[in-house]
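Report on the structure given below.
The values are calculated or read from the model by the stated rules, or taken from the named source; none is laboratory data. What you are looking at is a predicted structure, and each value in this text was computed from that prediction instead of being measured. Neighbour counts are summed over all protein chains in view; Cβ atoms, including those assigned to glycine, are modelled from backbone coordinates with ideal geometry. Calculation scope for accessible area: heavy atoms of the full protein, side chains included, ligands and nucleic acids excluded. Shrake-Rupley method; radii C 1.70, N 1.55, O 1.52, S 1.80 Å.
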Amino acid sequence: MQSAQPPTHWHRAALRMDTVVEMTAVTARPEPEVAAAFDRAFRAFSFVEEVCSRFRPDSELSRLCRQVGTPVRVSALLFEAVRFAREVAALTGGAFDPTIGARLEAFGFNREYLTQVERGSGVDPDNPVSHLDVLLDEGERTIALQRPMVFDLGAVAKGLAIDLAVRDLSGFTGALVNAGGDLFAAGVDANGEPWRIGIRDPARPDGWIESLRLSDAAVCTSGGDLRRSPLQPDLHHVIDARSGLSPTGDLSCTVVAPYAMAADAFATAAFLLGREQGLRLLDQAGLAGAFVGPALDLHINPAMARYLQ
Amino acid sequence: MATRTTTMDPRLLALCSAAVGIVYAAGYYYTVPPVPALPPAPAAVIPVPQAPAAPEAAAPAPAARGPKYQEGTFKGYGHEDIGAVEVTVTIKNDVIVDVQIVGCYTRYSQSYIDPLPAEVLVEQSERVATVTGATKSTDAFRKAIRNALDHASL
């Protein structure tokens with residue numbers, strides 16, 4: 001039964017997963033229904049953090065990392081997040097590698113950024129470890145870590161939380177789930193138009209370089225933020241596992257994809273590889289990508305062209 | 001979602017679609033596996049001579065878990081060297097249901113701490129994350145909430 005009311009614009013924001021998560025719903029449905037949907041959608045973020053955070057010693061991920069050499073049955077969430085992270089690692093020949101968490105800790109990325117609570121795993125960052133040391137058994141849904149490691153789900157977990165939250169808002173005409181700049185735009189905005197999303201200008205906090213018109217797509221960006229290592233200033237928290245270095249040159253990489261989990265992981269992976277190899281990776285994956293160069297010049301692949309106005 | 005057109009590689013698309021579907025269907029909770037059983041104690045144990053047990057005072061029965069807070073709206077005040085913040089906190093059924101900033105007498109704009117009342121409702125305490133670049137304003141706010149909750153405490 002269609003409501004005769006025009007859709008209203010609903011909004012809620014909260015701190016989740018170390019960032020500000022803002023959700024918007026465009027709908028004529030009544031307020032209690034919207035509130036209940038927002039409650040569930042925010043719960044998705046809390047849940048993903050409980051399971052996937054390497055900063056919490058009691059998260060399912062941290063507990064998994066303390067059991068070396070034995071298959072451990074895990075939740076569907078942890079299994080799928082690890083599986084996807086490992087898949088992207090394989091596709092990048094190990095440049096993107098979620099098993100380098102101990103090295104991130106050693107470079108000072110051992111605090112949740114907003115709350116500044118410090119955590120250390122005790123894993124030696126100089127021990128060689130790679131994504132090949134992670135064994136998955138799909139039938140049993142177990143993960144066996146062959147060596148001590150800190151598994152970093154930073155490039156996958158937020159995207160997956162966004163995808164789950166979007167599901168909770170799927171009954172509405174339009175919805176936007178924005179987790180600190182990584183987002184999914186579902187349906188249409190209050191004017192019935194595809195959502196207008198800006199690619200952030202890394203040089204200006206509120207500025208943007210290009211705008212995209214999107215419906216039912218995720219946009220995630222890697223680089224372009226200020227989280228630099230307190231110990232080594234030329235390093236930020238995106239590190240190529242093969243070289244141990246952060247990418248230089250381009251300021252950021254933005255990916256548009258049907259799933260935020262993919263946009264999140266592939267934006268990070270492409271940014272790591274640098275513009276040439278990164279755009280090639282995105283072409284192979286069939287995803288749209290845009291690199292922002294040092295002069296704020298934009299470099300896109302053909303798939304991205306159709307999103308630009 | 002499955003019907004949107006996309007250029008995405010079909011295998012990767014299927015991987016994402018299956019992953020999100022499976023996780024969503026499982027629900028936002030998981031069971032912590034039980035602690036593994038301890039191995040049985042070794043058979044040969046040298047018995048330790050036991051002193052006769054002294055009669056112990058009966059341990060007091062644990063108090064039933066009662067409410068933490070009174071019902072109503074309580075004012076709180078907190079200050080740092082940059083100024084002071086005044087809040088009200090409303091408690092209903094032992095839950096913090098509303099938080100308002102009723103005064104912000106700091107050198108910096110109240111807009112820095114405007115998002116924090118919503119966080120208090122989520123955290124159900126003054127333990128909100130520090131606003132980047134507004135550490136002292138956040139501290140003053142936290143103190144004000146703590147002060148209000150102290151007034152509300154039973």
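Brief remarks follow.
- Restricting the stretch A:150-173 to residues that are away from every other protein chain (no Cβ under 13 Å) and touching a strand residue (DSSP E or B) at 6+ places or on another chain (Cβ under 6 Å), the residue that is surrounded by the most Cβ atoms within 10 Å (Cβ to Cβ): A:Lys158
- Residue check, A:Leu145 closer than 25 Å to A:Asn110 by Cα, over 21 Å from the mean Cα position of the chain (by Cα) and surrounded by 14 or more Cβ atoms within 10 Å (Cβ to Cβ): yes
- Listed conditions (1) open to solvent by 10 Å² or more (accessible area, probe 1.4 Å); (2) assigned to a loop (DSSP other than H, G, I, E, B) are all met by A:Leu176, apart from (2).
- Residue, nearest to the other protein chains (Cβ to nearest Cβ), within the stretch B:97-107, restricted to residues that are surrounded by fewer than 16 Cβ atoms within 10 Å (Cβ to Cβ) and of a type in the set (A, V, I, L, M): B:Val97
- Listed by position, the strands (runs of 3 or more DSSP E) contained in the stretch A:230-309 that have at least 1 residues being among the aromatic types (Phe, Trp, Tyr) and either buried (at least 16 other Cβ atoms within 10 Å of the Cβ) or more than 14 Å from chain B (Cβ to nearest Cβ) (or both) are A:288-292.
- When B:Asp9, B:Asp94 are checked against the criterion of being surrounded by fewer than 16 Cβ atoms within 10 Å (Cβ to Cβ) and at pLDDT 85 or above, B:Asp94 stands alone in meeting it.
- Leading residue by the ranking (least open to solvent (accessible area, probe 1.4 Å)) among those in the stretch A:1-34 that are within 13 Å of chain B (Cβ to nearest Cβ) and among the small types (Gly, Ala, Ser): A:Ala14
- Against the test of being within 11 Å of another protein chain (Cβ to nearest Cβ), within 17 Å of the chain's Cα centre (by Cα) and either surrounded by 15 or more Cβ atoms within 10 Å (Cβ to Cβ) or not acidic (Asp, Glu) (or both), the options B:Thr135, B:Thr130 yield a single qualifying residue, B:Thr130.
- Residues of the stretch B:64-107 that turn out to be within 16 Å of B:Thr135 (Cβ to Cβ), without any contact (Cβ under 8 Å) to a residue 60 or more places away in the chain and within 23 Å of the chain's Cα centre (by Cα), as a count: 1
- B:Thr88 being buried (at least 16 other Cβ atoms within 10 Å of the Cβ) and outside any helix (DSSP H, G or I): yes
- Test result for A:Gly171, within 10 Å of the chain's Cα centre (by Cα), modelled with pLDDT under 95 and either assigned to a strand (DSSP E or B) or not β-branched (Val, Ile, Thr) (or both): no
- All positions within the stretch B:108-122 that are part of a helix (DSSP H, G or I) and either without any contact (Cβ under 8 Å) to a residue 24 or more places away in the chain or open to solvent by less than 70 Å² (accessible area, probe 1.4 Å) (or both): B:Gln110, B:Ser111, B:Leu116, B:Pro117, B:Ala118, B:Glu119, B:Val120, B:Leu121, B:Val122
- Check on A:Ala218, assigned to a helix (DSSP H, G or I) and either buried (at least 23 other Cβ atoms within 10 Å of the Cβ) or modelled with pLDDT of 95 or more (or both): no
- Hits in the stretch A:17-38 - residues which are of a type in the set (Asp, Glu) and in a helix (DSSP H, G or I): A:Glu31, A:Glu33
- Selection from the stretch A:82-102 of residues that are of a type in the set (Val, Ile, Thr) and within 14 Å of chain B (Cβ to nearest Cβ): A:Val82, A:Val88, A:Thr92
- Single residue of the stretch A:35-71 satisfying the filter (of a type in the set (Gly, Ala, Ser) and over 30 Å from A:Ala190 (Cβ atoms)) that is nearest to the other protein chains (Cβ to nearest Cβ): A:Ser59
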